[in-house]
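The values are calculated or read from the model by the stated rules, or taken from the named source; none is laboratory data. Because the structure is a prediction, the values reported are computed rather than measured. Accessible surface areas use protein heavy atoms only, side chains included; no ligands, DNA or RNA. Shrake-Rupley method; radii C 1.70, N 1.55, O 1.52, S 1.80 Å.
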Amino acid sequence: MKIDLNCLPIFVAVIEHGNFSAAAKRLHLTRSAVSKSISRLEKMLGVALFQRSTRHQVLTDEGMVFYEYSVKALESIHDVQSYLESGKLDVKGKSLYHFATITRQLIYHANTC
């Protein structure tokens, strides 16, 4: 199953803002939308990214690995977007190569978890 890349910023926001509610507020989404996005991502990956209780969630080992790759992927997407917007369209550029490499690693790791 393919990873929905729209879920990555939501997943990263949950970790960086500490919980689903804070991420939802920051992203201007409902808490329910954030929760559904994370559940969809976990289903696509076939792993639990968080251990949940009624009061908080804790990142699993798989979640930590996926977080590290997600941050790199999002940074690469941002880099290539900035690069392309600058008008310097060079297919041999480092940004494009780096983006492709990180994306392949993210997809490979997601499929092996």
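The portion of the accessible surface of the stretch 1-77 made up by carbon and sulfur, rounded to a whole percent, is 53 (1.4 Å probe; DNA, RNA and ligands excluded). Which entries of K2/K72; K43/K72; K25/K72 show an alpha-carbon separation above 20 angstrom in the structure shown? The pairs that break the limit, which is 20 Å between Cα atoms, are K43/K72; K25/K72.
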